[in-house]
Amino acid sequence: MYQAYAELFDAGVAVDAPQALDVTDRHHRWVCRSWTPNRDSYTGLGQLYVDSPEFKAQFDAHAEGFGEYVRDAIAAYAQVRL
């Protein structure tokens, strides 16, 4: 997932573009292997990726703003598909 999101981020693909929604669908299905979030809780997971210092550090190791990109992609997916 990380690499797929990184490629989208690096290419400047919008968080609500079909490619981003497809990657986020893969992420959502992966999350659903252990927990089935609704729209609000899945959006909250995306926010956790930015609010948690540990997650933020992992994302920011790729590039500044990457965590926010993933958060926003999750929010876009939740709005459109959940």
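Computed values, structure above
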{"item": "Odd one out for Asp10 among (1) among the charged types (D, E, K, R); (2) surrounded by 13 or more Cβ atoms within 10 Å (Cβ to Cβ); (3) in a helix (DSSP H, G or I)", "result": "(2)"}
{"item": "Single residue of Trp35, Trp30 found to be open to solvent by 80 Å² or more (accessible area, probe 1.4 Å) and outside any helix (DSSP H, G or I)", "result": "Trp35"}
{"item": "Leading residue by the ranking (farthest from the chain's Cα centre (by Cα)) among those in the range 42-82 that are surrounded by 15 or more Cβ atoms within 10 Å (Cβ to Cβ), closer than 22 Å to Ala11 by Cβ and among the β-branched types (Val, Ile, Thr)", "result": "Val50"}
{"item": "Residue count for the range 38-57, restricted to those that are part of a helix (DSSP H, G or I) and in contact (Cβ under 8 Å) with a residue 40 or more places away in the chain", "result": "2"}
{"item": "Residue in the range 10-30 that is farthest from Val80 (Cα to Cα), counting only those that are of a type in the set (A, V, I, L, M, F, W, C) and under 11 Å from the mean Cα position of the chain (by Cα)", "result": "Val23"}
{"item": "Pairs with Cβ under 6 Å, 6+ apart, first in the range 62-75 and of a type in the set (Gly, Ala, Ser), second outside any helix (DSSP H, G or I) and crowded, with 18+ Cβ neighbours inside 10 Å", "result": "Ala73/Val15"}
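The values are calculated or read from the model by the stated rules, or taken from the named source; none is laboratory data. What you see is a predicted model, and the numbers here were worked out from it, not measured in a lab. Heads up, the Cβs are rebuilt from the backbone with ideal geometry, glycines too, and the neighbour counts pull from every protein chain shown. Heads up: the accessible areas ignore ligands, DNA and RNA and are worked out on the full protein's heavy atoms, side chains in. Shrake-Rupley method; radii C 1.70, N 1.55, O 1.52, S 1.80 Å.
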